[in-house]
Amino acid sequence: MTLLLQAWVFFWGAVWGSFLNVVIYRVPLGLSLVRPGSRCSTCGTPIRWYDNVPVLSYLILRGRCRACGAGYGPQYMLIEAACGVLALALFNATVLPLDPDTFVPAGVTWLWLQSFVYGLVAITFIDLRHFYIPDEISLPLVAIGVTGAFLIPAADPLAHAFGAAGAALFMLALSGISWLAFRREALGLGDAKLLAAIGAFVGWKALPFVLFASAVQALIATGVARLYTRLTGRSNALTLTTEELDAHFGEADRFTDAGSHTVVPYGPFLALAGLEVLLFGDDLLWRLVDALTRLLMGLPATTP
Ligand SMILES: [Zn+2]
């Protein structure tokens, strides 16, 4: 019974992943999410519902259009599968073990956290591709995070409201300081709204970890991406110079006074850290610091 339910939960998440693929492609272009329906980008043939089953259709058709045989990259299927796994992980953490007394509030918490995770997935891939975070996604996420915390009995609403407000204020201050220091927009307001959304869902206590982990992981990823470019001579999607960015978007005047510098989208790393807190707990930073000091001082590890 539970196994059947988990299979359904995975499929449910994968269906959302399929919808997110549409969001990621269409929202930055200002296109409608519902019309027209999905069609092959090569031959324009509308995709039938039975060829649009998340994950399965990709595997059955081996990533090819049924009409013209044009190949699709695996990224659509991977996003569907990732959303299925995330829906299942949240379901296991919030709803299981099944209990008739708590089933409804646990289910509501599950839906609430899913909106957070799906928002993060959409923002991550839009920021990677287009170097911006759409307000249409980040601002509703702030609202859903804070109102949800007031409606869900298990959540401490003030911690979530402070999380959103504290994150926004901190990022605005940081953005102001970096503007004074570099005379250019080093941190976008999109990142501030995203961190506010993350604070709304995980609470203010988790913000130090989100800031710390996102910065460390961004540094590591940027280093790896640059090394890749240096070794292979090919450009990478993560680090672009402002000239490459201008050529990419055809916006020559956006950064003209700033001189050349490397641009890295920060949203994906904020999103990743937010996801880590959600899955592993809001005291992650202190557990890391504790484990590290114990390791350095040769003390035995604590048993939880
Ligand atoms: Zn086709």
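The values are calculated or read from the model by the stated rules, or taken from the named source; none is laboratory data. Bear in mind that the values here come from a model prediction, so they are computed numbers and not experimental data. Note that we place each Cβ from the backbone using ideal geometry, even for glycine, and neighbour counts take in every protein chain shown.
Beta carbons closer than 8 Å, at least 6 apart along the sequence or on distinct chains, pair a first residue in segment 12-40 that is touching a residue at least 40 places away in the same chain (Cβ under 8 Å) with a second that is assigned to a loop (DSSP other than H, G, I, E, B) and within 16 Å of the ligand (Cβ to nearest atom) for Ser18/Asn52. Arg39 falls short of the stated requirement of being over 28 Å from the mean Cα position of the chain (by Cα), within 12 Å of the ligand (Cβ to nearest atom) and among the charged types (D, E, K, R). Of the residues screened, Leu78 is not one that is crowded, with 16+ Cβ neighbours inside 10 Å, more than 16 Å from the ligand (Cβ to nearest atom) and modelled with pLDDT of 90 or more.
What residue, among those in segment 81-103 that are surrounded by fewer than 13 Cβ atoms within 10 Å (Cβ to Cβ) and part of a loop (DSSP other than H, G, I, E, B), is farthest from the ligand (Cβ to nearest atom)?
Asp101
Of all residues in segment 49-63, those that are under 16 Å from Trp16 (Cα atoms) have Cβ atoms under 8 Å from Cβ atoms of residues that are assigned to a helix (DSSP H, G or I) and of a type in the set (Val, Ile, Thr), 6 or more apart or on another chain, in Pro54/Val15. Checked against (1) within 30 Å of Thr102 (Cβ to Cβ); (2) surrounded by fewer than 23 Cβ atoms within 10 Å (Cβ to Cβ), Val202 meets all criteria but (2).
Is one or more of the residues making up segment 3-20 part of a helix (DSSP H, G or I), within 16 Å of the ligand (Cβ to nearest atom) and not charged (D, E, K, R)? No, segment 3-20 contains no residue that is part of a helix (DSSP H, G or I), within 16 Å of the ligand (Cβ to nearest atom) and not charged (D, E, K, R). Scanning segment 44-71 for residues that are within 13 Å of the ligand (Cβ to nearest atom) and on the phi > 0 side of the Ramachandran plot yields Gly44, Gly63, Gly69.
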